[in-house]
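Each reported figure results from applying straightforward, stated rules to the coordinates on display, with no laboratory input. As the structure is a prediction and not an experimental result, all values here were calculated from the model. Because the Cβ atoms are built from the backbone with ideal geometry, glycine has one as well, and the counts that use them run over all protein chains shown.
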Amino acid sequence: MGAAGGAARGVRLRAWLVSGVCAGAVLVPGTAVAAPAAGTAPAARVPEADLAFHGTAVMTGDRVEVLLTPRNHGPDALTDATVRLRWSAELADAQQLPARCTREDERTVVCGTGALTSDATGEQLRVPVRLRERPPEVTLELDTAWSAGVVDEDRSNDRLKVLVLATGDAYAF
């Protein structure tokens, strides 16, 4: 075989390899998934937790007291989380908030929950606030503002709205 025969064999070999690769791609149904390169670690699992808030809110005059207990239904622990409490009425300028809480804006306070192990209840927070005026009612909205990078697929139990009437009665959530 001369140079022409060797060149023809090279073309046939390349054609066979190309058609084999294409046939393999056509014969394999489903979604293509990229495999990690050799020597690389698989992607880390994102931690998950199901954070819930339970408690009461009582309004008397211009004062509202919220007792709040965080609970982590798991499956993973949380190093910390932040709960946001937003009122429909403006808060008074001067507040005496617990050490774990801070004012976010004229209607909002955020509080750290502390660490929460899986399937455990955290420490109860007592958050007293004064309102700028004395409304007959306020709506309190609670939600998770931050959860240390942990994913919470069920947001129905950590996003709450509570109507609190100025009766001195405790309204549960």
Practice problem: List the residues whose amide H sits under 5 Å from the amide H of Asp80, counting only those 5 or more places along or on another chain, with H placed 1.01 Å from N in the peptide plane. | Solution: Leu116
Quiz item: Put a dot 7 Å past each Cα toward the Cβ at Ala94 and Asp62; how far apart are the dots in nm?
Solution: 1.0 nm
Self-check item: Cβ-Cβ FRET estimate between Asn157 and Ala43, R0 fixed at 22 Å, reported to 0.05
Solution: 0.20
Self-check item: Where trypsin sites (Lys or Arg not before Pro) fall in DSSP loop in the stretch 106-158, at most 15 other Cβ within 10 Å
Solution: Arg132
Practice problem: Please give the length that would be gained between Ala172 and Asp105 if that part of the chain were fully extended, namely 0.36 nm times their separation in residues minus their C-alpha to C-alpha distance (nm, one decimal). | Solution: 21.6 nm
Practice problem: List the residues of the stretch 147-163 whose backbone N lies under 17 Å from a point placed 7 Å from the Cα of His73 along the Cα-to-Cβ direction. | Solution: 151-161
Practice problem: Pop out the ³J(HN,Hα) list for the stretch 97-106 in order, Karplus 6.51 cos²θ - 1.76 cosθ + 1.60 with θ = phi - 60°, rounded to Hz; leave Gly and Pro as x. | Solution: 8, x, 4, 7, 10, 8, 7, 9, 7, 5
